[in-house]
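Q: Below you'll find the structure I mean.
The values are calculated or read from the model by the stated rules, or taken from the named source; none is laboratory data. None of these values were measured; they are calculated from a predicted model. Neighbour counts run over all protein chains shown; Cβ positions are idealised from the backbone, glycine included. Only protein heavy atoms, including side chains, enter the accessible area calculation; ligands, DNA and RNA are left aside. Shrake-Rupley method; radii C 1.70, N 1.55, O 1.52, S 1.80 Å.
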Amino acid sequence: MEREAAVNVDVSKSGDIHASRPAGRDSSLELLRIFAMILVVASHLACHAMGNGWKMWELPFSANQAWSIALGRWGNFGVELFIILSSWFMCDRKGIRSRRLLDLAFQTVTTCIVFFFFIRLTHLNMVGKKALLEECLELFCSQNYWFIPAYMVFFALIPFMQLVSCRKGAAFRLVVVWTALTLIFRSYRPWWTPFFGRVGHFAYLYFITAWLKEAEENARANGRKGHFIGCHAGLISLACYALLVFEACWSRYRISSGLGAFALPFRISEWLTLLFEFSLFYLFKKFRLKESRPINALAGTVFGVYLLHENFLWMSWENHEQYSILWDQLLRAGAWYESPLFPAYYVCATLIVFAACAAVEFVLAWLRRLVLSRCPWLDTLCARIDAWYAGDEG
């Protein structure tokens, strides 16, 4: 999508994880949004199945554990792809649309309420009213739905980051300084809480995105196809994936053999992950799909898929042992772990959960639109907030 088009997009073309209108968006990047959420769902199978969290990856090394690593270690990776998508569309604009934050908060709370009654009526988990209150308050804390408050803070900071990224060469200089500070202070940061660490990392991804977007535009202005990552996105993605899977599998094998964990020197895996994320972004961007309403519509459900499948009311504490009602009780992940068909199960279970949650989200999205359509004053209020926030009060 060209720069001019990106400047004039509406809310449905912003690149946010929360998008509900199917028309007018780049279907290549919407396909990446779907793929990113599938990665998140797959990671939660490995994280939550078999009780006590992450147990699947803590078992003795086996072929099926290697499959769970290859297919399910990409949860944070998928989350960061959403941040890159948002940053791509926002880095050369001015201001934000506060209505997106309002819609996100409304969607989170209403989905939590609907899911609470679903859990109670199906007797899958006998939770009380206190759990409903805790579920709704999750919007404002960073424990279970950690992505939501982190994303909201990041989104609110975008206008200030835009002041920097709109200056030629500023994003690149800031990325260099930020990278140096990360290397220097990585081992000493007692003030660096997980929540603000995530917001800071999101900001880091924003400036890398702004730098790469500027570099791509400069390359095209000089008659080149693009920068190195964009031109070799497929090869870079494949190489990074292979190295990261090897590093994780080799580490688990060494631990199972009593040799201790293996890690690439100088935390190279973290930098490989960054390179993998951006190369995969450019790989999907190069698809240049024609506008597809089914793809765009499905991409509009991804935030609902996240809220539904990762809802903490799926977790039960029977006999003081945490296990997942979704992955253990309903889909029996533990029973499939010893099967030679486990890789096929892993893929099918992930896609089934994604599809089921997307179908539910279509219905919930229609109901939310019905409710919000009766509140036209919200658009006026949010427009005034946006104008004040961007310094355009007149």
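Q: Could you go through the stretch 120-143 and let me know if any residue there is among the small types (Gly, Ala, Ser), open to solvent by less than 20 Å² (accessible area, probe 1.4 Å) and modelled with pLDDT under 85.
A: yes
Q: Within the stretch 7-55, which residues are of a type in the set (D, E, K, R), modelled with pLDDT under 85 and outside any loop (DSSP other than H, G, I, E, B)?
A: The answer is 13, 55.
Q: Oh, and also: Is it true that residue 305 is of a type outside the set (Phe, Trp, Tyr), buried (at least 21 other Cβ atoms within 10 Å of the Cβ) and in a helix (DSSP H, G or I)? Spell out how you get there, then give the answer.
A: Details: of a type outside the set (Phe, Trp, Tyr): yes; buried (at least 21 other Cβ atoms within 10 Å of the Cβ): yes; in a helix (DSSP H, G or I): yes.
The answer is yes for residue 305.
Q: Can you tell me which condition residue 194 does not meet? The list is (1) open to solvent by 20 Å² or more (accessible area, probe 1.4 Å); (2) at pLDDT 90 or above, and all the others hold.
A: (2)
Q: Next up: Return a yes/no flag: does the stretch 310-330 have any residue that is at pLDDT 95 or above, open to solvent by less than 10 Å² (accessible area, probe 1.4 Å) and under 29 Å from residue 127 (Cα atoms). Spell out how you get there, then give the answer.
A: Pass one, the stretch 310-330, residues at pLDDT 95 or above: none.
No, that holds for no residue.
Q: Follow-up. Under 9 Å between Cβ atoms, which residue pairs at least 6 apart in sequence (or on different chains) link something in the stretch 341-352 that is touching a residue at least 60 places away in the same chain (Cβ under 8 Å) and in a helix (DSSP H, G or I) with a partner that is open to solvent by 10 Å² or more (accessible area, probe 1.4 Å) and of a type in the set (Phe, Trp, Tyr)?
A: 342/67; 342/336; 343/67; 346/67; 346/336; 349/336
Q: With the requirement that a residue be on the phi > 0 side of the Ramachandran plot and open to solvent by less than 90 Å² (accessible area, probe 1.4 Å), what does the stretch 337-394 give you? Full working, then the answer.
A: Step one: filter the stretch 337-394 for residues on the phi > 0 side of the Ramachandran plot, giving 391, 394.
Residue satisfying the conditions is 391 alone.
Q: I've got another one for you. List the pairs whose first member sits in the stretch 224-242 and is of a type in the set (S, T, N, Q), whose second member is open to solvent by less than 30 Å² (accessible area, probe 1.4 Å), and whose Cβ atoms are under 7 Å apart, counting only residues at least 6 apart or on separate chains?
A: Cβ pairs passing all conditions: 237/276; 237/279; 237/280.
Q: Hey, another quick one. Only one of (1) modelled with pLDDT under 85; (2) assigned to a helix (DSSP H, G or I) fails for residue 262. Which number is that?
A: (2)
Q: Another one. When the stretch 257-284 is examined, which residues are found to be among the hydroxyl-bearing types (Ser, Thr, Tyr) and surrounded by 14 or more Cβ atoms within 10 Å (Cβ to Cβ)? I'd like the intermediate steps shown before the answer.
A: Taking the stretch 257-284 first, the residues among the hydroxyl-bearing types (Ser, Thr, Tyr) are 257, 269, 273, 279, 282.
Matches in the stretch 257-284: 269, 273, 279, 282.
Q: Determine, yes or no, whether residue 210 is closer than 18 Å to residue 77 by Cβ and either at pLDDT below 85 or assigned to a helix (DSSP H, G or I) (or both). Don't jump to the end; show me each part of the working.
A: Working: closer than 18 Å to residue 77 by Cβ: no; either at pLDDT below 85 or assigned to a helix (DSSP H, G or I) (or both): yes.
Criteria not met by residue 210.
Q: Any idea which residue in the stretch 243-256 is farthest from residue 205 (Cα to Cα), counting only those that are open to solvent by 60 Å² or more (accessible area, probe 1.4 Å) and either touching a strand residue (DSSP E or B) at 6+ places or on another chain (Cβ under 8 Å) or aliphatic (A, V, I, L, M) (or both)?
A: 255
Q: Pick out the one residue from 275, 298 that is in contact (Cβ under 8 Å) with a residue 40 or more places away in the chain, touching a Cys at 6+ places or on another chain (Cβ under 6 Å) and part of a helix (DSSP H, G or I). If you could, list the steps in order and put the result at the bottom.
A: Working: 298 fails: touching a Cys at 6+ places or on another chain (Cβ under 6 Å).
Only one candidate passes the filter, namely 275.
Q: Additional query: Of all residues in the stretch 168-188 being among the charged types (D, E, K, R) and exposed (fewer than 13 other Cβ atoms within 10 Å of the Cβ), which is modelled with the lowest pLDDT?
A: So in the stretch 168-188, the residues among the charged types (D, E, K, R) come out as 168, 173, 186.
Still in the running and exposed (fewer than 13 other Cβ atoms within 10 Å of the Cβ): 168, 186.
Values: 168: 85, 186: 63.
That would be 186.
Q: What's the total number of residues in the stretch 285-295 that are open to solvent by 50 Å² or more (accessible area, probe 1.4 Å) and in a helix (DSSP H, G or I)? Before the answer, list the steps.
A: Start the filter on the stretch 285-295 by keeping residues that are open to solvent by 50 Å² or more (accessible area, probe 1.4 Å), which leaves 286-291, 293-294.
Still in the running and in a helix (DSSP H, G or I): 293-294.
Result for the stretch 285-295: 2.
Q: Yes or no: the stretch 230-238 includes at least one residue that is at pLDDT 80 or above, surrounded by fewer than 12 Cβ atoms within 10 Å (Cβ to Cβ) and either among the hydrophobic types (A, V, I, L, M, F, W, C) or not in a helix (DSSP H, G or I) (or both). Talk me through it step by step, then tell me what you get.
A: In the first step, residues of the stretch 230-238 are kept if they are at pLDDT 80 or above; the result is 230-238.
Restricting the remaining residues to those that are surrounded by fewer than 12 Cβ atoms within 10 Å (Cβ to Cβ) gives 235.
Filter again for either among the hydrophobic types (A, V, I, L, M, F, W, C) or not in a helix (DSSP H, G or I) (or both), leaving 235.
Yes.
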